[in-house]
Amino acid sequence: MREMSARSGISEATLRMWEVRHEFPQPRRMASGHRRYSEQDLARVRAVLRGRARGLSLQAAIELAHDLEDEQAPSVYASLRSRYPELETQVLSKPAMLAMSHAIEDECLARAERPLLFGCFQRERFYRASEHRWRELARTAELAVVLADFGRVRRPKYAPVEVPIASSDPVAREWAIVCESPSFGACLAGWERPADDGTRGERMFEAAWTIEASAVRLAAQVCLRLAAAAAPEVLDGLEERLDSTPVAREHELRSAIQLSTRMVRYAAAS
């Protein structure tokens, strides 16, 4: 309980009171009687605090925290399609996905100020092929995180944080890049379709991309939560900041024009 109190900012007495009166949170009890809190418990408590800061009653904030948790999809693509069904989807080949990803990465380098960057690579070998680019992206980013089937969490110097994902996770079959900053935001997410005879073994993805600020923010939040499950110490505090920082919209039209132009140019060159 002491660690939960320190990380959440809630006193131990208040946590005990919540548990007795509201059955929240519900930590696992050890044989010794000590409470064992999970990262999910911590996320719920922080969600309640955000609700209270917006003026909700304690009970309403607790209910909202559970509702939001239930709504969270376990992948970037699923989250975007669920919340923004109007997003246009396309079936794209690996070269097309690569061209669009490079366009977002380069636009991020050109325009984003201290961005939060996330990349879902499926396999470690796919990330290693792009590691030189992501090291450059990480150099000026506030934080860069890559998710793939890494063996363990690593935080190399001047490079993205490497976060492992399980092969059974839905995100393990996704290709995604998310750049979130006040000056520029964009994301591309797609899930890999099973190979069939019609594609002759070519990797194909059902994908969507957007520069809509609220959608990019959602994608960043999903990536952050996926990464926090394996590396909470690296990402501590970022989720609360993302949830509470206003979404910047004033650059959306310019971003759409410039990114679309770059995507077309890169796709033609490939």
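The values are calculated or read from the model by the stated rules, or taken from the named source; none is laboratory data. Remember, predicted model here, so these are calculated numbers, not experimental data. Quick reminder, even Gly has a Cβ in these numbers, built from the backbone with ideal geometry, and neighbours come from all protein chains shown. Ligands, DNA and RNA are excluded from the accessible area calculation, which covers all protein heavy atoms including side chains. Shrake-Rupley method; radii C 1.70, N 1.55, O 1.52, S 1.80 Å.
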Against the empirical 2.2 N^0.38 Å scaling, what ratio does the C-alpha Rg of the stretch 100-218 come to? 1.06
Cα-based helix-to-principal-axis angle, 39-53 vs the chain, degrees rounded to 10: 80
Among GLY33, MET17, GLN90, pick out the residue whose Cα is farthest towards the positive end of the charge dipole of the chain, where Lys and Arg carry +1 and Asp and Glu carry -1 on C-beta, about the Cα centre. GLY33
Once you charge only the Cβ atoms, +1 for Lys and Arg and -1 for Asp and Glu, what is the size of the charge dipole of the stretch 73-170 about its Cα centre, to the nearest 20 debye? 380
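Measure off, as a whole percent, the carbon and sulfur share of the 1.4 Å-probe accessible area of the stretch 3-121, all protein chains present. Don't skip to the answer; put the middle values down first.
Details: 3090 of 6430 Å².
Exposed carbon and sulfur together represent 48 percent of the surface.
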Calculated from DSSP helices alone, with each H run of at least 4 adding -39500 (n - 2.57) and the total divided by the residues of the chain, [θ]222 nm to the nearest 500 comes to -15500 deg cm²/dmol
Helix 12-22: inclination vs the chain longest Cα principal axis, degrees, rounded to 10, gives 90
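In debye to the nearest 20, how big a dipole does the stretch 1-68 give about its Cα centre with +1 on each Lys and Arg Cβ and -1 on each Asp and Glu Cβ? The partial results should precede the final answer.
Details: 13 positive and 8 negative charges, 32 e Å.
Magnitude of the dipole: close to 160 debye.
Can you tell me the length gained on complete extension of the stretch ALA166 to GLU3, counting 0.36 nm per residue apart and subtracting the Cα distance? Before the final figure, lay out the partial values.
Working: separation 163, 0.36 × 163 = 58.68 nm, distance 2.72 nm.
The ALA166-GLU3 span can extend by a further 56.0 nm.
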Spin-label zone in the stretch 14-46 - amide nitrogen under 14 Å from a point set 7 Å from the Cα of SER57 along the C-beta vector: 22
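Mind ranking 20-28, 134-142 by how tightly packed they are, going by the mean number of other C-beta atoms within 10 angstrom, highest first? Don't skip to the end; give the middle numbers.
Working: 20-28: 13.6, 134-142: 17.4.
The packing order, highest mean first, is 134-142, 20-28.
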Specify the residue with the greatest mean-square fluctuation among SER130, SER93, SER168, computed from a Gaussian network of the chain linking alpha-carbon atoms under 10 Å apart. SER168
Given a 1.4 Å probe and the protein chains all in place, what does the accessible area of PHE205 round to, in Å² to the nearest 10? 0
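About the Cα centre of the chain, how large is the charge dipole given +1 on each Lys and Arg Cβ and -1 on each Asp and Glu Cβ? Please answer in debye to the nearest 20.
Details: 39 positive and 39 negative charges, 149 e Å.
Once rounded to the nearest 20, the dipole reads 720 debye.
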For SER38, SER167, give me the order by solvent-accessible area with a 1.4 Å probe, most accessible first, ignoring ligands, DNA and RNA. SER167, SER38
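Give the accessible surface of the chain per residue, rounded to a whole number of Å², with probe radius 1.4 Å and ligands, DNA and RNA excluded.
Numbers: 14010 Å² over 270 residues.
Roughly 52 Å² per residue, with all protein chains present.
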In degrees, nearest ten, helix 58-71 long axis to first principal axis of the chain (Cα): 30
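Taking 0.36 nm per residue of sequence separation and subtracting the Cα-Cα distance, how much length would be gained by fully extending the chain between LEU49 and SER260, in nm to one decimal?
Working: separation 211, 0.36 × 211 = 75.96 nm, distance 3.94 nm.
Length gained between LEU49 and SER260: 72.0 nm.
With viscosity set to 0.692 mPa s and temperature to 37 °C, compute the Stokes-Einstein D of the stretch 110-173, Rh being the Kirkwood radius across alpha carbon pairs; µm²/s, no decimals. If you can, show how the numbers build up before the last one.
Numbers: Rh = 11.9 Å.
In µm²/s, the coefficient rounds to 276.
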Report, to one decimal in Å, the Kirkwood hydrodynamic radius for the chain based on all distinct Cα pairs. 19.8
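May I ask for the net charge around TYR158, where only other residues with Cβ less than 11 Å from the Cβ of TYR158 are counted and Lys, Arg are +1 while Asp, Glu are -1?
Details: positive: ARG135, ARG139, ARG155, LYS157; negative: GLU136.
With Lys, Arg at +1 and Asp, Glu at -1, the net is +3.
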Net +/- balance of residues flanking SER130 in space, Cβ distance below 12 Å, scoring K and R +1, D and E -1: +1
Using the Cα atoms as the points, what is the convex hull volume per residue of the stretch 161-203 in Å³? 107
